[in-house]
Structures are given as C-alpha cells and as structure tokens.
Amino acid sequence: MLLMPVAVIAFFYLVIFRPQKKRESERRKTLEALQKGDLVILRSGILGKVEAIRGTVVTICVDESVIEKATERKTKIFVLRSAVDRVVKAEDVQQAMSGADKKTEG
C-alpha cells in the first residue's frame, strides 16, 4: 500500500525537482561568473555587452557596437543581475545575424 505513494514521490523528485535544482545551480554559477565584456542575452531578449557590474546592478551596452566593430558606445541600460538569461559567444551572435539577414533578403 505504501509502495505506490513512495513511487510517485520518487518519480516527481527525479523527473521534476532534481533537474530544476540543477538548472538553477548552473544559472547561479553563470551569474556569479559574469564579468565586464561578456556578451549576454537578457530574459527580455535584448542582446548586449556588459560594461560594468556594481553589486546586483549590471550596466549593459545595447547599441550597434555590440555586434559591429564600432568604437563609439552610447546606448546603455541598467538591469538587475537576475535579468541576465545567458552568456553567449560573439561567433554565435554573428552567425545568427548572418542567418537572419539571409531570411529577410529572400
């Protein structure tokens, strides 16, 4: 009789709770390792480059200089560190941008 409820609880733990804890742990490590110059995607989908980190506030440059080799940086936003979704590589962004350009041309 007790076997069925124990099996259900074990199933939920292994399938739902444990993977969620692992993802949250990885995300926490990523946010703690965040540093100036990292290319990030915010939870809102905004792409930017980290300019400064002051406690829980992150300054992010969001103008064309993020994806192009422009020297002038003007547009900056201030977000909470928790708003950062993930850190990405510049090559991945360039590849995605070139793929998006091909789709809009054709």
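Values computed for the structure shown
Matching residues to (1) in the same structural domain as residue 98 (by TED's automatic domain parsing); (2) free of Cβ contacts under 8 Å to residues at least 40 places away in the same chain; (3) more than 27 Å from residue 98 (Cβ to Cβ); (4) touching a helix residue (DSSP H, G or I) at 6+ places or on another chain (Cβ under 8 Å):
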{"residue": "43", "(1), (2), (3), (4)": "yes, no, no, yes"}
{"residue": "47", "(1), (2), (3), (4)": "yes, no, no, yes"}
{"residue": "56", "(1), (2), (3), (4)": "yes, yes, yes, yes"}
{"residue": "61", "(1), (2), (3), (4)": "yes, yes, no, no"}
{"residue": "78", "(1), (2), (3), (4)": "yes, yes, yes, no"}
{"residue": "84", "(1), (2), (3), (4)": "yes, no, no, yes"}
{"residue": "88", "(1), (2), (3), (4)": "yes, no, no, no"}
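Okay, residues lined up against (1) exposed (fewer than 10 other Cβ atoms within 10 Å of the Cβ); (2) at pLDDT below 90; (3) part of a helix (DSSP H, G or I):
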residue: 34; (1), (2), (3): no, no, no
residue: 50; (1), (2), (3): no, no, no
residue: 58; (1), (2), (3): no, no, no
residue: 65; (1), (2), (3): no, yes, yes
residue: 72; (1), (2), (3): yes, yes, no
residue: 87; (1), (2), (3): no, no, no
residue: 96; (1), (2), (3): no, yes, yes
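The values are calculated or read from the model by the stated rules, or taken from the named source; none is laboratory data. Predicted, not measured: the structure shown is a model, and the values here were computed from it. Please note: Cβ atoms are built from the backbone with ideal geometry, for glycine as well, and neighbour counts cover all protein chains shown.
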